Amino acid sequence: MSRATAHVDLEAISHNIRALQKLASGSQFMLAVKSNAYGHGLHEVVRTGLEAGVSSFGVLESTAGIDLRAAGVEVPLFAWMHGQNTDFAAAAEARVDLGVQTFWQLEAIAASGAARTPRVHLKIDTGLHRGGADQPRWAEFVTEALRLQSLGKLEVVAAWSHLSDTSHSADLASAALFEAAVEEARSLGAEFELLHLGASAAVIDLPEAHFDLVRVGIAAYGISPFGDRSAADLGLRPAMQLRAPVLDARHGLASIAVGFGDGIQSDPDSGAYMVVDGHVAPVVEVGVDETVVALPSDADGISAGAPCLVFGDGSQGEATAEQWAVWGDTVGDEIVTGLTSRVARSFSRR
């Protein structure tokens, strides 16, 4: 019997991209497709993004950017998570821009021997503390990058950072720090083609952080970046629906062919439920390969093979990924991205 399938509505992603583009119409639009497009399928989402007018993609690791280039993607690509074994020369040859956060990355890129000059985006830490040059060393960081540029080892093309999204006032303060850092870098001789700071939350709530380019991630997939507003509140459509069949049903309980081995939260709170053949069924226990739910008294005739909705857009009474995040005390990003490779994906446009 088949197991869980994640169905991805590509039209929902198109809808979300168009809605978010309108909110930042004065900026270029980078779609973040890290972690297999948040579990939604890298190549399928990239094709959808291109059709919707996305101007560039954020891929996290340079290997994903190299893969997209090999598949014929020609728009700008940006990778910002690098390890000691990252092949910077291959990334440069594939025209993948590199987010640079540390001195060792600058030196490794310069020493890579790339035939094509690597393009780098210099990151300053504006408060999130998730990488980037510390403010006291920013001038030294920029100076070193410009020295390496003068030697033809790399090209400085952008400045960037992340916001903490802890509060509106904190993000405004971070945006001000970013602008000050950019001015300091320019005083040292940096000439930036692009400035980028804002992600999904800033696109919606903080126009002061839009700058030349916005990096949109989870909101494009129909999951709210906020704890107090849902995707529906924001006019966004969840793109993923997780389905699984019933394995067995007896004595008022049903076993569903999905478990924490597939990425389902292993210990959701007592409000968690699935929708089995149209009936709301509270979760009793989540195991590695199956989840036990309690069938309501009017759920007659349910047997092996009956359909179950784990999460989706809520149109059939099922919970959303956002609701599963509440039950698991996490964020919606983790629910969709955490689905494992044994969950099959299917795609459509509705």
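Taking segment 17-31 on its own, how many of its residues are open to solvent by 10 Å² or more (accessible area, probe 1.4 Å) and either among the small types (G, A, S) or in a loop (DSSP other than H, G, I, E, B) (or both)? Count: 4. Selection over segment 290-329 of residues that are charged (D, E, K, R), exposed (fewer than 15 other Cβ atoms within 10 Å of the Cβ) and within 25 Å of G39 (Cα to Cα) gives a count of 1.
Within segment 166-174, does at least one residue satisfy the condition of being at pLDDT 95 or above and open to solvent by 30 Å² or more (accessible area, probe 1.4 Å)?
Here is the first cut: in segment 166-174, the residues at pLDDT 95 or above are none.
No: segment 166-174 contains no residue that is at pLDDT 95 or above and open to solvent by 30 Å² or more (accessible area, probe 1.4 Å).
Summed over segment 143-165, residues that are among the hydrophobic types (A, V, I, L, M, F, W, C), within 30 Å of S224 (Cα to Cα) and open to solvent by 70 Å² or more (accessible area, probe 1.4 Å) total 0. Pairing each residue of segment 187-199 that is free of Cβ contacts under 8 Å to residues at least 40 places away in the same chain and under 14 Å from R119 (Cβ atoms) with any residue that is open to solvent by less than 40 Å² (accessible area, probe 1.4 Å) and not β-branched (V, I, T), provided the two are 6+ apart or on different chains, yields C-beta distances under 7 Å for F192/A158; F192/A159; E193/A158.
Here is the figure for segment 55-67: residues that are within 25 Å of A19 (Cα to Cα), open to solvent by less than 10 Å² (accessible area, probe 1.4 Å) and not aromatic (F, W, Y) total 3. Filtering segment 132-150 to residues that are more than 18 Å from A180 (Cβ to Cβ) and either part of a strand (DSSP E or B) or among the basic types (K, R) (or both) leaves only R147.
Count of segment 93-131 residues, restricted to those that are farther than 20 Å from E144 by Cα, assigned to a loop (DSSP other than H, G, I, E, B) and within 19 Å of the chain's Cα centre (by Cα), is 3.
Going by the structure shown, is A6 assigned to a helix (DSSP H, G or I) and either out of contact with any Cys (no Cβ under 7 Å at 6 or more places or on another chain) or at pLDDT below 95 (or both)?
Details: assigned to a helix (DSSP H, G or I): no; either out of contact with any Cys (no Cβ under 7 Å at 6 or more places or on another chain) or at pLDDT below 95 (or both): yes.
No.
Among the conditions (1) touching a Pro at 6+ places or on another chain (Cβ under 8 Å); (2) open to solvent by 10 Å² or more (accessible area, probe 1.4 Å), the only one that E140 does not satisfy is (1).
With respect to the conditions (1) within 16 Å of R69 (Cβ to Cβ); (2) in a helix (DSSP H, G or I); (3) of a type in the set (A, V, I, L, M); (4) open to solvent by less than 30 Å² (accessible area, probe 1.4 Å), A90 falls short on a single one, namely (4). Filter segment 192-209 down to residues that are of a type in the set (A, V, I, L, M, F, W, C) and not in a loop (DSSP other than H, G, I, E, B) and give me whichever is nearest to the chain's Cα centre (by Cα). Checked segment 192-209; the qualifying residue nearest to the chain's Cα centre (by Cα) is A201. With respect to G235, determine if the residue is within 23 Å of E322 (Cβ to Cβ), surrounded by fewer than 17 Cβ atoms within 10 Å (Cβ to Cβ), within 26 Å of the chain's Cα centre (by Cα) and at pLDDT 95 or above. Yes, satisfied. Scanning segment 33-53 for residues that are open to solvent by 10 Å² or more (accessible area, probe 1.4 Å) and among the aliphatic types (A, V, I, L, M) yields L42, L50, A52.
For the condition without any contact (Cβ under 8 Å) to a residue 24 or more places away in the chain, at positive phi and either surrounded by 14 or more Cβ atoms within 10 Å (Cβ to Cβ) or out of contact with any strand residue (DSSP E or B) (no Cβ under 7 Å at 6 or more places or on another chain) (or both), H279 does not qualify.
Could you tell me which of the residues S2, S25 is in contact (Cβ under 8 Å) with a residue 24 or more places away in the chain and of a type in the set (S, T, Y)? Don't jump to the end; show me each part of the working.
Values: S25 fails: in contact (Cβ under 8 Å) with a residue 24 or more places away in the chain.
Testing whether each residue is in contact (Cβ under 8 Å) with a residue 24 or more places away in the chain and of a type in the set (S, T, Y) leaves just S2.
Is it true that H196 is crowded, with 24+ Cβ neighbours inside 10 Å and of a type outside the set (A, V, I, L, M)?
Numbers: crowded, with 24+ Cβ neighbours inside 10 Å: yes; of a type outside the set (A, V, I, L, M): yes.
When the stated conditions are applied, H196 passes them.
The values are calculated or read from the model by the stated rules, or taken from the named source; none is laboratory data. What you are looking at is a predicted structure, and each value in this text was computed from that prediction instead of being measured. Note that we place each Cβ from the backbone using ideal geometry, even for glycine, and neighbour counts take in every protein chain shown. Accessible surface is based on the protein model in full, side chains and every heavy atom, while ligands, DNA and RNA are left aside. Shrake-Rupley method; radii C 1.70, N 1.55, O 1.52, S 1.80 Å.
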